[in-house]
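Colleague: Provided herewith is a single structure, encoded as structure tokens, for subsequent inquiry.
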Amino acid sequence: MDARECFLTVFYAGKFPKGPGTAGSVVALLLGLPILYASPNTLFLSALLIGLIAIKQIDIYEQEHNTHDPKHIVIDELVGMWIAMAVAGWGWLSLIASFVFFRLFDIYKPSLIGTIDAKVTNGLGVVGDDALAGLLGGLCALLLVHFVNLLF
């Protein structure tokens, strides 16, 4: 078992044949639940640390394989999901909304997310667009939960 491949594919979730990004996000959600429950700050800081490690490992992988942002590398989804979860906080609506908003921002890449994806090269671009998608997804989830709580 190659440790770097296990890390980059988030325990091989990235090898899922259909929707590896979504599969990686689901696994990231499940892995992040106990950390979020213990401390949203710890989850956020863990996402940043893993993101920094991922940038370097993605750079090495891309150089070795002469490729850019292969579909099976989903550690960037973990980073984005954990940021979204940390921002949105604990609760079923928060978790579902952070997942949905993160995936929407990650798939459609509006505005600055798309710019980062298109213009920033190497691991920084791969992780950077997902980190921003996670931040915006978490903020949208937080707003949704706030408005739902106001209504009910």
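The values are calculated or read from the model by the stated rules, or taken from the named source; none is laboratory data. Here the structure is a predicted model, which means the values were calculated and not measured. Neighbour counts run over all protein chains shown; Cβ positions are idealised from the backbone, glycine included. With ligands, DNA and RNA removed, areas are computed over all heavy atoms of the protein, side chains included. Shrake-Rupley method; radii C 1.70, N 1.55, O 1.52, S 1.80 Å.
Colleague: Considering only region 62-78, I want to know if a residue exists there that is free of Cβ contacts under 8 Å to residues at least 12 places away in the same chain, open to solvent by less than 40 Å² (accessible area, probe 1.4 Å) and over 23 Å from GLY125 (Cβ atoms).
Modeller: No, region 62-78 contains no residue that is free of Cβ contacts under 8 Å to residues at least 12 places away in the same chain, open to solvent by less than 40 Å² (accessible area, probe 1.4 Å) and over 23 Å from GLY125 (Cβ atoms).
Colleague: Every residue in region 121-149 that is at pLDDT below 95 and among the hydrophobic types (A, V, I, L, M, F, W, C), please.
Modeller: Within region 121-149, no residue meets the criteria.
Colleague: Failed condition for TRP90, given (1) touching a Phe, Trp or Tyr at 6+ places or on another chain (Cβ under 9 Å); (2) within 16 Å of VAL127 (Cα to Cα), with all others met?
Modeller: Evaluating TRP90 over (1) touching a Phe, Trp or Tyr at 6+ places or on another chain (Cβ under 9 Å); (2) within 16 Å of VAL127 (Cα to Cα) leaves (2) as the failure.
Colleague: How many residues are buried (at least 22 other Cβ atoms within 10 Å of the Cβ) and within 28 Å of LYS56 (Cβ to Cβ) when one looks only at region 89-100?
Modeller: Total satisfying the criteria: 1.
Colleague: Further, regarding this structure: Of everything in region 1-38 that's of a type outside the set (A, V, I, L, M, F, W, C) and free of Cβ contacts under 8 Å to residues at least 40 places away in the same chain, which residue is surrounded by the most Cβ atoms within 10 Å (Cβ to Cβ)?
Modeller: TYR12
Colleague: Same structure, new question: Is region 59-73 home to any residue that is of a type in the set (Val, Ile, Thr), more than 11 Å from the chain's Cα centre (by Cα) and at pLDDT below 95?
Modeller: Within region 59-73 (the criterion being of a type in the set (Val, Ile, Thr), more than 11 Å from the chain's Cα centre (by Cα) and at pLDDT below 95), the answer is yes, since at least one residue qualifies.
Colleague: Would you mind telling me which numbered condition in (1) touching a Pro at 6+ places or on another chain (Cβ under 8 Å); (2) under 15 Å from GLY138 (Cβ atoms) LYS71 fails?
Modeller: The single condition LYS71 does not satisfy is (2).
Colleague: Which residue pairs have Cβ atoms closer than 9 Å, lie 6 or more positions apart in sequence or on different chains, and pair a first residue in region 124-150 that is in contact (Cβ under 8 Å) with a residue 24 or more places away in the chain with a second residue that is open to solvent by less than 40 Å² (accessible area, probe 1.4 Å) and not in a helix (DSSP H, G or I)?
Modeller: These pairs meet every condition: VAL126/ILE73; GLY138/GLY89; ALA141/GLY89; LEU142/GLY89; VAL145/GLY89; VAL145/GLY91.
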